Amino acid sequence: VQVQVESGGGSVQAGGSLRLSCRASGFSFGHSDVAWYRQAPGHECELVSIISSDGRVEYTDSVKGRFTISQDNAKNTVYLQMDSLIPEDTAVYHCAAGYGLRSYRGPCSNWGQGTQVTVSS
């Protein structure tokens, strides 16, 4: 069963940091691309970052230099380290695993409840 559980969200001041975790259950991240998405109020589901099965990482322009995606295969967990947070980062963050993630155009809610990140100015 392909299931991901997100954690690590919270409320921080602008300039602060959070680390999100995405743990897989029933399959291995090691053979999948893993992506973080987010949905802010009034916005569509946005692709934030992808780590490919070979370790290649990609980021959307708005988070480059501030966010870092990484993977711990032993723990079957993918992380999103979020530094220098700004209010525009406020959103519900979701992770997903598989292929074709770069072309996904559906709702973030397809991947469960996600974890809330709130950044105050």
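The values are calculated or read from the model by the stated rules, or taken from the named source; none is laboratory data. This is a predicted model, so every value here is computed, not measured. Cβ coordinates were reconstructed from backbone atoms using ideal geometry, including for glycine residues, and neighbour counts include every protein chain displayed. Note: accessible area is taken over every heavy atom of the protein model, side chains too, but ligands, DNA and RNA are not part of it. Shrake-Rupley method; radii C 1.70, N 1.55, O 1.52, S 1.80 Å.
Across region 60-103, the residues whose backbone nitrogen lies under 17 Å from the label position 7 Å along the beta-carbon direction of SER28 are 71-78, 97-99. For region 44-70, the residues whose amide N sits under 15 Å from a probe point set 7 Å from the Cα of ARG102 along the beta carbon direction are 47-61.
Spin-label pair ASP83-VAL5: with each label point 7 Å from Cα along the Cα-Cβ axis, the two points sit 2.9 nm from one another. Estimated at the nearest 10 Å², the accessible area of LEU80 is 0 Å² with a 1.4 Å probe. Among the protein heavy atoms of the chain, carbon and sulfur supply 48% of the accessible surface, probe 1.4 Å, non-protein parts ignored.
At 37 °C and 0.692 mPa s, what whole-number value in µm²/s does Stokes-Einstein give for the translational diffusion of the chain, with Rh from the Kirkwood sum over Cα pairs?
Numbers: Rh = 14.2 Å.
For these conditions, the coefficient is 232 µm²/s.
In the chain, taking the dipole from charged Cβ atoms about the Cα centre, the farthest positive-side position among PHE27, GLY15, VAL57 is held by PHE27.
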